[in-house]
Structures are given as structure tokens and as C-alpha cells.
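To start, the structure itself, in C-alpha cells.
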Amino acid sequence: MMKNPRYLVDGLYTADPSAHVFNGKLYIYPSHDIESGIPENDNGDHFDMRDYHVFSMDDIDGEVTDHGVVLDVQDVPWAGRQMWDTDVAHKNGKYYLYFPVKDKTDIFRIGVAVSDKPEGPFVPEKHPITGSYSIDPAVFEDEDGQHYMYFGGLWGGQLQRYRNNKAQECGSEPADDESSLPARVVKMSDDLLEFSEEPKSLVILDENGEPLKAGDHDRRFFEASWMHKYNGKYYFSYSTGNTHLLCYAVGDSPYGPFTYKGVILTPVVGWTTHHSICEFKGKWYLFHHDSKPSGGKTWLRSMKVTELEYNEDGSIKTIDGMAD
Ligand code: FUB
């Protein structure tokens, strides 16, 4: 059975894997990395992805099926460029694929596309979700059936341009001694096509109950939101971006506040680190990516899976990002 990390796909670069169990099978919704020839920059222009594939598995050690292209940027009427991290939710026999893409004015919005099957193909709505901005949507279904979206990402993800859900003339990150910019959480409408409220700040507190500071680069939120529930607690996990850690914080409600708890994954080969956490057949797994197979090209990543374990107190055992 699985002990070491396992790369999941050969011959296609894949990143930011969002894993879910639907109808007893494991489905993975990653970004599809390509060689675009655009030079690397802090704005992430070199992540110039154009479509999404879906993958499925019957067993964690089993064969991985590629269901092919399920949504192409050309099929989204309002889209410009850069299809980044995606996620999928299920309700009443329909599957909803959420995706961030820059609109024709180069502003990230979050769109939704719908299918009758978890493996797609997905048909996009004609407009982005009203009031959406930034990147990395992750949609969590709570035990009462309510869905929440977590989103946001700094630098190329444009989150620093927003305060109180409004774009600023000249957005920048707060000073180091101010509170860090938070991820956002929002309850979804019953039809899962819109927000049902204004997005709220997701506050992460330190051990003294104070919000993490913007200068605390080893702990503050950068991008890659994910939510899962374990033993009745809400686990918000995320990337610290420029310090290349996957961290987590725990709370008692889907809105938080959350208290910082530690590191899930130490830095990997590559710049970005982005993941999902999913229970499948009685075990927990971390799905993530690194750039080892491409020889360290940050924009050509390969998704992988490794087992995730908890300590008795509910804390997560740190995983070595360099382990083979
Ligand atoms: O894949 C493009 C971007 O890189 C994602 O949206 C970020 O989270 C980072 O992984």
C-alpha cells in the first residue's frame, strides 16, 4: 500500500490538484501546465494555461484515467487568458467546475461550468460569478449540505488590489507590522452558480489570538486555499507562496476564525506549492505537485499524492516535500 509519494500522470504537466470522491471513485481536477514560452516573472505570466483535464482512479495505487479536455478557454465567452487552479462541487446530480481566468481586461474573475457527470465535459455560464475576483477557488460542502467557496491569491493572483471586496486604484500589500491580507470565504447560492452574500475575510490568528502579520511570511496566507473537516473541526490549509510552505489553521466554523497550527508540507522542487486534502477508503491523502520531473521548471509541474497522517491531538504530521 502507499507509503511513498506517487506521481500520478506522465506525458502531461498537471498542478494544483483538487481531489474529491464522487460515487465511490476518486476524481482529480488539476491545472494543465504548458510550455508557453513566456519568461518567468512575479506576475505569473508564464503560467499561461488554456484548458482543464479531469482524472479518475478506482484505487489510490491503481490506474489513472485521463478523461481528456473538459473545458477550454476558447469556450468561455468572457475569458482572456490564464486558466489557473480549479475545483468541483456536486449537488442534486450536477457537477460545478469553478475556475479563475483573466477576463478580457486582464482582471482575474471566477467562472463556473456545469456537467451531469464528474468527468465532464463542462458547459460554462456566460458570465463570471458576480462579485468574484482573484484566484484559487476551493468549494467545501459542510455536513449540512451548505457549500462555501474559499479563494484569493497574492501577487499574480491580484488579491492585494482589493479591500472590502472593492478594487483599489493602486493596490499593494500592507506594511509588515499590519495584519496580513486574508483569504476570502463566501456562502454559495442554492443553485451553486453565484455567491449568496458578500465575501468575508478569513482571519488566521497566532498563538496569542492576534491576526497574523503581513511580514510573517512563514505563516501568512498567500494562495491555494483548501478546507476539510476532521473530527468536527474545520481545517483551513494554504500556501505561504514566497516561503514555499503548505500550512494549516484550525477553527470551529467554516468562517473561522482559525488558529495557525503548523506546516503540512515543506518546500518542494519548484516555486509554487498547492494541494488538496481528501479522505478515500478510510485513509487521508495530500495531493500536491512539484517540478522535479521537468528538471525544476516552475511552470511545468507534476501532480502527486502522498498519505497524510494525524497525531492523536488532531495535529497533522509534517510531510517532507523533497521525499521520493
Ligand atoms: O497554477 C497557477 C497558480 O500557481 C495557482 O493558481 C496558484 O495557486 C499556484 O499554484
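The values are calculated or read from the model by the stated rules, or taken from the named source; none is laboratory data. Since the model is a prediction, treat every value here as computed from it, not as a measurement. Cβ atoms come from the backbone with ideal geometry, glycine included; neighbour counts cover every protein chain shown. Quick note on the areas: whole protein, heavy atoms, side chains included, nothing else; ligands and nucleic acids left out. Shrake-Rupley method; radii C 1.70, N 1.55, O 1.52, S 1.80 Å.
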When only residues in the stretch 90-107 that are part of a loop (DSSP other than H, G, I, E, B) and within 16 Å of the ligand (Cβ to nearest atom) count, which is surrounded by the most Cβ atoms within 10 Å (Cβ to Cβ)? I107
Within the stretch 108-123, does at least one residue satisfy the condition of being farther than 22 Å from Y29 by Cα and either among the β-branched types (V, I, T) or in a loop (DSSP other than H, G, I, E, B) (or both)? no
What do you reckon, is R81 open to solvent by 10 Å² or more (accessible area, probe 1.4 Å) and within 24 Å of A167 (Cα to Cα)? yes
Is at least one residue of the stretch 235-250 open to solvent by 10 Å² or more (accessible area, probe 1.4 Å), β-branched (V, I, T) and either part of a loop (DSSP other than H, G, I, E, B) or closer than 30 Å to K297 by Cβ (or both)? yes
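Listed here are the residues, each with its yes/no results for (1) β-branched (V, I, T); (2) closer than 19 Å to A15 by Cβ.
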residue	(1), (2)
E35	no, yes
D75	no, no
T86	yes, yes
D116	no, no
P128	no, no
S132	no, no
P137	no, yes
The conditions are (1) part of a strand (DSSP E or B); (2) surrounded by fewer than 18 Cβ atoms within 10 Å (Cβ to Cβ); (3) free of Cβ contacts under 8 Å to residues at least 60 places away in the same chain, and K229 fails exactly one of them. Which is it? (3)
How about the stretch 298-311: which of its residues are open to solvent by 10 Å² or more (accessible area, probe 1.4 Å) and without any contact (Cβ under 8 Å) to a residue 60 or more places away in the chain? E309, N311
Listing of strands (runs of 3 or more DSSP E) fully contained in the stretch 25-79 that carry 2 or more residues being over 20 Å from the mean Cα position of the chain (by Cα), in contact (Cβ under 8 Å) with a residue 12 or more places away in the chain and more than 21 Å from K297 (Cβ to Cβ): 65-72
Cβ-Cβ under 9 Å pairs, at least 6 apart or on other chains, the stretch 178-204 side closer than 19 Å to D142 by Cα, far side acidic (D, E) and open to solvent by less than 50 Å² (accessible area, probe 1.4 Å): A183/D136; A183/E223
Could you list all residues from the stretch 254-273 that are open to solvent by 40 Å² or more (accessible area, probe 1.4 Å) and away from the ligand (no atom under 16 Å from the Cβ)? Y255, P257, T259, Y260, K261, T266
In the list I110, I28, I38, I34, which residue meets the criterion of being of a type outside the set (D, E, K, R), open to solvent by less than 10 Å² (accessible area, probe 1.4 Å), within 16 Å of the ligand (Cβ to nearest atom) and over 20 Å from Y133 (Cβ atoms)? I28
Scan of the stretch 251-294 for residues that are in contact with a strand residue (DSSP E or B) (Cβ under 8 Å, 6 or more places away or on another chain), under 21 Å from E309 (Cβ atoms) and assigned to a loop (DSSP other than H, G, I, E, B), ordered by number: T266, V268, T273, H274, H275
Please tell me if D87 is within 15 Å of the ligand (Cβ to nearest atom) and either open to solvent by 10 Å² or more (accessible area, probe 1.4 Å) or in contact with a strand residue (DSSP E or B) (Cβ under 7 Å, 6 or more places away or on another chain) (or both). yes
Those residues of the stretch 113-142 which are of a type in the set (S, T, Y) and within 16 Å of the ligand (Cβ to nearest atom), in sequence order: S132, Y133, S134
Is it the case that some residue within the stretch 157-172 is touching a Pro at 6+ places or on another chain (Cβ under 9 Å), polar (S, T, N, Q), farther than 16 Å from R109 by Cβ and open to solvent by 10 Å² or more (accessible area, probe 1.4 Å)? yes
For the stretch 179-194, give me each residue that is in a strand (DSSP E or B) and open to solvent by less than 30 Å² (accessible area, probe 1.4 Å). A183, R184, V185, V186, M188
